[in-house]
Amino acid sequence: MVSGSQPICVIIAAKNASETIDIAIRSALVEPEVGEVVVIDDGSTDTTSDVAHAADDGTGRLRVVRFEVNRGPSAARNHAISISSAPLISILDADDFFFRGRFAAMLADDDWDLVADNIAFIQQSVPGASSMQPVRFEPQARFLSLTEFVEGNISRPGVERGETGFLKPVIRRAFLDKHALRYDDGLRLGEDYELYVRALAAGARYKVIRHCGYGAIVRGNSLSGRHRTEDLRRLYEADKAILAGCRLSAEETAILREHEKHIRAKFELRHFLDAKKQKGMGGALSHALARLPALPAITRGIWSDKTARFRKSPPCGMCVICWTVRRFRRGKDDLRQFLAVILGLVPRIYPRIV
């Protein structure tokens, strides 16, 4: 059992999240293990800060800081870490929430540096999502290696991803401080992935329990779904930096190189499409010919995109949930049954983890 009655600092980086930040904050403040909630308004142009302040429960645990200029999620989280003191850190996205009682199972043992639970992906259109209560599973646990974690972040045709990059672990502050680990301020995509890989390379014990405590709202306008070509470049450069700067086994080196190649291929395709949009097909072809080593990645990406509708997508947590939502929209089951079905499937969303 982790000592201390309120050992957790919940960090919420938010930009233009006025419609969702209230639920996120309240879901954190209701947890008895939470001693601090730090909200960083990262250059919002709406009323995010005002809504955040209004969610205060009067216990003195909420702190809201506003950046006048957007600095990105990494800088926002790093600032929150620097102005907080609780021994454990939990990241909460501004449009997500915690299910009640999330942390009790996560803190039951003390044999970890990072501990994560499962996530329920819920469509934005589902009413009352934050008041749902997931099916409780016995918190069976396993430890995630660097190789398994990275492998779960690589998409392969016809193979279900482990989706390890979506996990939201509680992180031990002392481990971050001991190894001088913080988020990479230059990353706006994959910042969690990069931090966790470096933590695992430094020997972190990354524990995953078969328990569901995090609710992720699936919405079309999420910031995490909008990234620039430059963000992809920075992410594969981060892989290269880890390969160059960390002591890794042969197996770890191989999987990181595969991930770097995976992200680089996405970058090359996006870069090609940017050239096509800006300069037309002639400009795109000139771009491709000037980057001959990238041609295979561009060709595969275009082929995959054009043939996607002819392929049967492998089942994944997101697809299962979308399918379930469609079923319930047709009126075949009520909301309570929906909850049982959707959250009963959570252990199978991450077959490589639980």
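The values are calculated or read from the model by the stated rules, or taken from the named source; none is laboratory data. What you see is a predicted model, and the numbers here were worked out from it, not measured in a lab. Cβ sites come from the backbone with ideal geometry, for glycine too, and all protein chains shown count toward neighbours. Accessible surface is based on the protein model in full, side chains and every heavy atom, while ligands, DNA and RNA are left aside. Shrake-Rupley method; radii C 1.70, N 1.55, O 1.52, S 1.80 Å.
Cβ separations smaller than 8 Å between residues 6+ apart or across chains give no pair from the stretch 17-33 residues that are on the phi > 0 side of the Ramachandran plot and without any contact (Cβ under 8 Å) to a residue 40 or more places away in the chain to residues that are open to solvent by 60 Å² or more (accessible area, probe 1.4 Å) and part of a loop (DSSP other than H, G, I, E, B). One residue stands out among those in the stretch 44-83 that are in a helix (DSSP H, G or I) and small (Gly, Ala, Ser): the one that is farthest from the chain's Cα centre (by Cα), which is 54.
Restricting 217, 263 to residues that are under 16 Å from residue 194 (Cα atoms) and either more than 18 Å from the chain's Cα centre (by Cα) or open to solvent by less than 60 Å² (accessible area, probe 1.4 Å) (or both) narrows the list to 263.
Looking at the stretch 195-208, can you tell me whether even one residue there is part of a helix (DSSP H, G or I) and modelled with pLDDT under 95? Looking through the stretch 195-208, none of the residues is part of a helix (DSSP H, G or I) and modelled with pLDDT under 95. Residues in the stretch 42-89 that are under 23 Å from residue 190 (Cβ atoms) and of a type in the set (D, E, K, R): 42, 71, 77.
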